[in-house]
Amino acid sequence: MSDTIQIMITMIIYMAAVIAIGIAFAKKANKNSENYFLGGRTLGPWVTAMSAEASDMSGWLLMGLPGVAYWCGIADAAWTAIGLAIGTYINWLITSKRLRRYSEKANNAITLPEFFSNRFHEKNKVVMTIAALFILIFFTVYAASCLVTCGKLFSTLFGFNYISMMIVGAVFVLIYTLIGGFLAESASDFMQAIVMIFALVVIVITGTVAAGGFGAVIDNAKSIPGFLDFFGIATPTVVDGVQQSTNGVPQFGAAGSYGFLNIISTLAWGLGYFGMPQVLLRFMAIRTEHELTHSRRIATVWVVISLAVAVFIGLVGRTLHPTALTTASEAENVFILLSTNLLPPLLAGLVMAGILAATISSSDSYLLIAASAFSKNIYQGLLHRKATDKQVLLISRITLFVIAMIAIVIALDENSVIFTIVSFAWAGFGATFGPLMLLSLFWKRINRAGAIAGMVSGGCMVFIWNLLIRPLGGAWDIYELLPAFLFSCICIVVVSLLTAPPSEEIQKEFDEVKAGI
């Protein structure tokens, strides 16, 4: 039996196990919309923590982040990882308990748009509609990044056509999400978080040994200008986007600078967590807020280990296969290249399932949250307020299909860079919902007008900065999340102070949540 067939069999067995989980939870998930979208608030601390991080990290942890480290060295990847690790811890520390308590107080909200709407006691559902629309936009982009991961994985492994494999991945994720809902998604994400960290650790250990040890990897990185510099960055010598090599040695120019603005910009990735629906929903879904302390510790340890190992894998890949991946897009295949070259076929298949696990765990979250945003918040909340649970679930499934089709169109470009797609969607969520979430939980004076201003300004600024301002370069070349996040905060505060304060009822509710009543 060929190596390729053995890898394929292992991955098929894994996919079958994921589907079995979906079927096992199907009956309970389809009982009502609260079970389907939030699991009836029954998650335990381990499932809450591991599913939150697995759905958060997606395929870019195993492909995008190692690819950045392989391509241009440690600075970009490491500062991003540091920002994410800090953001993870702070989000679990200050946001999780207050949100769990407040979402239940706010008329038992089961989606993020519903929470914001109930928080301000809306009648005409403007906040809910705007929030749902932004979720639809950015999660469709996010889902596309997952489909790109699927396409790259299967086309690289088996030599199949990229577009065909990307569509197969989309169909699989769609079927799985349709079957099981939030409970199945969370249970399988727990398993997939274990598979992901197992895959990362196996590859970093075997790769480091094959490269001649930790010292050999570091020495190779030191030999490339800027590659191992936290305050500099390697610059591959490229022609038409393809890195040049001479006598089997990849060519690099002089190290580029990586200054204070670059570092602050990259650390700003951590701000995204405060607005990330797939993580925030886990805070809302846990059994009791007291279990969130345990979840925080689990999540932080998992994230720190996973991010550190993912970055180092990029360095290992550059040592073992210095000229194998010659474009920024190809560099994201370094994890696949190491796996298939270093491991026995069956183990390689299990490690490849780690990439599939990361992709599935994220894409099902993205599709489910986006579908709930439309069916629960726009269809039932705005268009058809007397819709039954069965109608909401039907509209949800139709929405899942439509979003998947749009994501397929976005993912058609085989040369898409996963890291770039994810960074834009991450900024979108972080700036649209992050400031609003923090101020809704911790500032009594915020009102509905401020909430609307914050979401619209933050979401729009992501597009404006990314498309119009950042291309100017120089001091303007800052990751769009940072300026958009700050702009949203300013708009919320200014508009809230210039307009009428929230009602006494809303303020009383805020005080009760703060006091833990």
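The values are calculated or read from the model by the stated rules, or taken from the named source; none is laboratory data. If you're wondering where the values come from, they're calculated on a predicted model, not measured in any experiment. Because the Cβ atoms are built from the backbone with ideal geometry, glycine has one as well, and the counts that use them run over all protein chains shown. Surface areas here come from the heavy atoms of the whole protein model, side chains and all, with no ligands, DNA or RNA. Shrake-Rupley method; radii C 1.70, N 1.55, O 1.52, S 1.80 Å.
Summary of values
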{"read-out": "Candidates 319, 327 - the one that is touching a strand residue (DSSP E or B) at 6+ places or on another chain (Cβ under 8 Å), over 14 Å from residue 88 (Cα atoms), polar (S, T, N, Q) and in contact (Cβ under 8 Å) with a residue 24 or more places away in the chain", "value": "327"}
{"read-out": "Segment 302-320 - residue that is among the aliphatic types (A, V, I, L, M) and open to solvent by 30 Å² or more (accessible area, probe 1.4 Å) and, of those, nearest to residue 196 (Cα to Cα)", "value": "305"}
{"read-out": "Residue count, segment 109-126 (criterion: open to solvent by 60 Å² or more (accessible area, probe 1.4 Å) and either in contact (Cβ under 8 Å) with a residue 12 or more places away in the chain or of a type in the set (S, T, N, Q) (or both))", "value": "2"}
{"read-out": "Hits in segment 326-347 (condition: surrounded by 22 or more Cβ atoms within 10 Å (Cβ to Cβ) and either more than 21 Å from the chain's Cα centre (by Cα) or aromatic (Phe, Trp, Tyr) (or both))", "value": "335, 338, 339"}
{"read-out": "Per-region count, segment 230-250, residues out of contact with any helix residue (DSSP H, G or I) (no Cβ under 6 Å at 6 or more places or on another chain) and either of a type in the set (Asp, Glu) or open to solvent by less than 60 Å² (accessible area, probe 1.4 Å) (or both)", "value": "10"}
{"read-out": "Flag if residue 376 is surrounded by fewer than 24 Cβ atoms within 10 Å (Cβ to Cβ) and at pLDDT below 80", "value": "no"}
{"read-out": "Condition check for residue 198: assigned to a loop (DSSP other than H, G, I, E, B) and open to solvent by 40 Å² or more (accessible area, probe 1.4 Å)", "value": "no"}
{"read-out": "Hits in segment 267-301 - residues which are open to solvent by less than 10 Å² (accessible area, probe 1.4 Å) and farther than 24 Å from residue 368 by Cα", "value": "268"}
{"read-out": "Conditions (1) more than 30 Å from residue 439 (Cβ to Cβ); (2) surrounded by fewer than 24 Cβ atoms within 10 Å (Cβ to Cβ); (3) modelled with pLDDT of 85 or more: number failed by residue 166", "value": "(2)"}
{"read-out": "Among the candidates 268, 193, residue that is assigned to a helix (DSSP H, G or I) and under 25 Å from residue 338 (Cα atoms)", "value": "193"}
{"read-out": "Segment 251-266 - residue that is among the aliphatic types (A, V, I, L, M) and farther than 21 Å from residue 482 by Cβ and, of those, surrounded by the most Cβ atoms within 10 Å (Cβ to Cβ)", "value": "255"}
{"read-out": "Test for residue 312: is it modelled with pLDDT of 95 or more and either part of a helix (DSSP H, G or I) or of a type in the set (Val, Ile, Thr) (or both)", "value": "yes"}
{"read-out": "Residues being part of a loop (DSSP other than H, G, I, E, B), in contact (Cβ under 8 Å) with a residue 60 or more places away in the chain and either of a type in the set (Val, Ile, Thr) or buried (at least 18 other Cβ atoms within 10 Å of the Cβ) (or both) - total across segment 488-506", "value": "1"}
{"read-out": "Wholly within segment 1-79, helices (runs of 4 or more DSSP H) carrying at least 2 residues that are modelled with pLDDT of 75 or more", "value": "3-29, 45-57, 65-72"}
{"read-out": "Segment 88-104, subset open to solvent by 10 Å² or more (accessible area, probe 1.4 Å) and of a type in the set (Val, Ile, Thr), residue nearest to residue 267 (Cα to Cα)", "value": "90"}
{"read-out": "Residue in segment 142-159 that is open to solvent by less than 10 Å² (accessible area, probe 1.4 Å), of a type in the set (Val, Ile, Thr) and touching a Ser or Thr at 6+ places or on another chain (Cβ under 8 Å) present", "value": "yes"}
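Listed here are the residues, each with its yes/no results for (1) closer than 27 Å to residue 439 by Cβ; (2) under 17 Å from the mean Cα position of the chain (by Cα).
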residue: 60; (1), (2): no, yes
residue: 66; (1), (2): no, yes
residue: 70; (1), (2): no, no
residue: 76; (1), (2): no, no
residue: 88; (1), (2): yes, yes
